[in-house]
Every structure is written in C-alpha cells, then in structure tokens.
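The values are calculated or read from the model by the stated rules, or taken from the named source; none is laboratory data. Since we're looking at a predicted model, the values are computed, not measured. Cβ placement follows ideal geometry from the backbone for every residue including glycine, while neighbour counts extend to all protein chains displayed. Surface accessibility is based on the protein's heavy atoms, side chains included, excluding ligands, DNA and RNA. Shrake-Rupley method; radii C 1.70, N 1.55, O 1.52, S 1.80 Å.
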Amino acid sequence: MTGSLKTARYWHTATLLNNGMVLMAGGLGPSAYLASAELYNPATGTFTPTGSLNTARDYDTATLLNNGMVLIAGGYSSSGALASAELYNPATGTFTLTGSMNYARYLHTATLLNNGMVLTAGGYNGSYLTIAELYNPATGTFTATGSLNAARYYHTATLLNNGMVLIAGGTGPGYPVGGTLASAELYSQ
C-alpha cells in the first residue's frame, strides 16, 4: 500500500516527470469533470496538490516533452470534445494554455517523436477521426500532418526504434458491432 489520492478520480492521466514524481491530472470525479492535479512522491508515498488545469477534462493525453514540461491535449468535458491544450511546468507547479489542436478530440493518442514534436492521431468528437496533427513545443502550435488510413479511437501508438510510429487496433465506425479493428499502420516523420 501507499498513500491515497487527495481527490477520487478516473479517466485521468498519470505522467512520470523527470524529477521522479508522478503528475496525476484531470479526470472524472464522483460528480464532475476535474481540473485538479496532484503529485505523487514515490520517496514518501504521498500525494500533494499542485496547480489546476485551466479546463477540466478526461480522456485527454499527457505527454512528457524533452524540456521536462507536460503537454495536456484534448479530452472531454461537460461542453463536449476539447481542442484546447495546456502545459504543466514542474518547476512552478502551474498549467498554462498553449496553442489548440485544429480538431477537438478525445480518446486519441499522443506520441513524442525523436525530433521533439508530438504526434496526436485519431480519436473521437462525435465522428471517428483519421486526422493527425503535430505539436511543436518551440512554437506552441499544432499543424496538420498525414491522415490515418482508418478512422479509430481507443488505439495504441508506439514510437519504434527507427523513428516511425506504429498505430494499431482500436475501434472504428460500426462499434460495438463489428467496429473493433485489427488493422495497423505506420507514421513516418
């Protein structure tokens, strides 16, 4: 056993930071979408509050960037699918807004590429998405990149040793009847 979260939550993100702490952010609580965030300290087994997200969200992605900051992108809230993104700064314990994705989405993937950019792919926003975008930490902007061959969410995205990203499985149009995907595809930078 270890310590307990300060706030009960699910569908949140958990990101291992460069300092060894784990950032737990957002999610859904017993009665509302959450903007709160906490840090888990493995040395003490305790959770402590940290800054709050600008937008309460679940089903989003959290990606540790090469500069040590965490990119929180998309997700779902009481207003629906989100395009907004924010950055968590471990040095200050604060979240600040950054450029928004061009398409609102949740249940997508976000993969840190070897060049430091983040590939966001697929997801759902009332429609199954083939759309992929790249986040550039240097400019704080998202730009369109090649589309997936198959619309999908609940898929996986894995950076391979050769720098390509393997996108595999998930669900697509027709889910839950016949919409489970066996297909896979590769993204090349």
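Looking across segment 69-83, the residues that are over 18 Å from ALA32 (Cβ atoms), of a type outside the set (Val, Ile, Thr) and touching a strand residue (DSSP E or B) at 6+ places or on another chain (Cβ under 7 Å) come down to MET69, LEU71, ALA73, GLY74. Scanning segment 164-179 for residues that are part of a loop (DSSP other than H, G, I, E, B) and either under 14 Å from THR111 (Cβ atoms) or not aliphatic (A, V, I, L, M) (or both) turns up MET164, GLY169, GLY170, GLY172, PRO173, GLY174, TYR175, PRO176, GLY178, GLY179. Picking from residues in segment 146-163 that are open to solvent by less than 50 Å² (accessible area, probe 1.4 Å) and in a loop (DSSP other than H, G, I, E, B), the one that is farthest from GLU185 (Cα to Cα) is GLY163. Every test in (1) open to solvent by less than 80 Å² (accessible area, probe 1.4 Å); (2) closer than 29 Å to GLY99 by Cα; (3) modelled with pLDDT of 95 or more is passed by ALA184 save one, and that test is (2).
Taking the criterion of being hydroxyl-bearing (Ser, Thr, Tyr), open to solvent by 40 Å² or more (accessible area, probe 1.4 Å) and not in a strand (DSSP E or B), would at least one residue in segment 107-126 satisfy it? No. If you go through segment 12-48 and pick out every residue that is under 17 Å from GLU86 (Cβ atoms) and of a type outside the set (Val, Ile, Thr), you end up with 15. If you filter segment 84-104 down to residues that are more than 27 Å from LEU39 (Cβ to Cβ) and not polar (S, T, N, Q), you find that the one that is most open to solvent (accessible area, probe 1.4 Å) is TYR103.
Taking the criterion of being closer than 23 Å to TYR33 by Cβ, in a loop (DSSP other than H, G, I, E, B) and not hydroxyl-bearing (Ser, Thr, Tyr), would at least one residue in segment 130-145 satisfy it? Looking for residues that are closer than 23 Å to TYR33 by Cβ, in a loop (DSSP other than H, G, I, E, B) and not hydroxyl-bearing (Ser, Thr, Tyr), one finds none in segment 130-145, hence no. For segment 165-180, filtering for residues that are over 21 Å from TYR103 (Cα atoms) and open to solvent by 50 Å² or more (accessible area, probe 1.4 Å) leaves 6.
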